[in-house]
Amino acid sequence: MTNPDVPAKPTPSELEMLRLLWQLGPAAARQVHEAAVETRPDMAYANVLRLLQVMHAKGLLSRDESTRAHVYAPAQPQDSHQSSLIKDLIHKAFSGSGKELVLAALRGHVSKKDREEIQRILNGDKAGN
């Protein structure tokens, strides 16, 4: 049984569907498919529908069955789900050290512009003034 306080870990394909639903808002499988084929033209409607059904069974999505075309929505807000994934990554890959995660990200995965913005945030100047 799925614990609603501990979200299931999505596969890469499931994360792709979550990203689409976070952008679209609650949507029917047809709408999700139309959005998916913009970046993955090979994505079949049946695959999207099956993926949404599996994600619902895993507790990653809620499903409104009040209309003929079921409407799917993420079970958790984007920031909450991302925080959970980051917490898991910190635990598994960085021995529980958030500092090590940040340092690893800054070592070559951040542009100069992003570094400057991060520095402003660290200095307490969120508006960039």
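FYI, it's all coordinate maths here, none of it is from the lab. As the structure is a prediction and not an experimental result, all values here were calculated from the model. So basically every Cβ, Gly included, is an ideal-geometry build from the backbone, and we count neighbours across all protein chains shown.
Observations, loosely collected:
- Longest segment of the chain lacking trypsin sites (Lys or Arg not before Pro) that sit in a DSSP loop with at most 10 other Cβ atoms within 10 Å: 1-67
- Approximate spin-label separation GLU38-TRP22, in nm, with each point projected 7 Å along Cα-to-Cβ: 1.6
- Taking each DSSP H run with n ≥ 4 as -39500 (n - 2.57) and averaging over every residue of the chain yields -18000 deg cm²/dmol at 222 nm.
- Correct choice for Rg and Dmax of the Cα atoms in Å that was computed from the model, options [x] 18.0, 52; [y] 13.3, 40; [z] 20.4, 71: [x]
- Length gained when the stretch SER62-LYS92 is fully extended (0.36 nm per residue, less Cα-Cα span): 8.0 nm
- Given LYS9/LYS87; LYS92/LYS113; LYS9/LYS58, the pairs whose alpha carbons are separated by over 20 Å: LYS92/LYS113
- Computed from phi, the 3J(HN,Hα) profile of the range 115-120 under the Karplus parametrisation 6.51, -1.76, 1.60 (θ = phi - 60°) reads 4, 5, 5, 4, 5, 4 Hz, with x in place of Gly and Pro.
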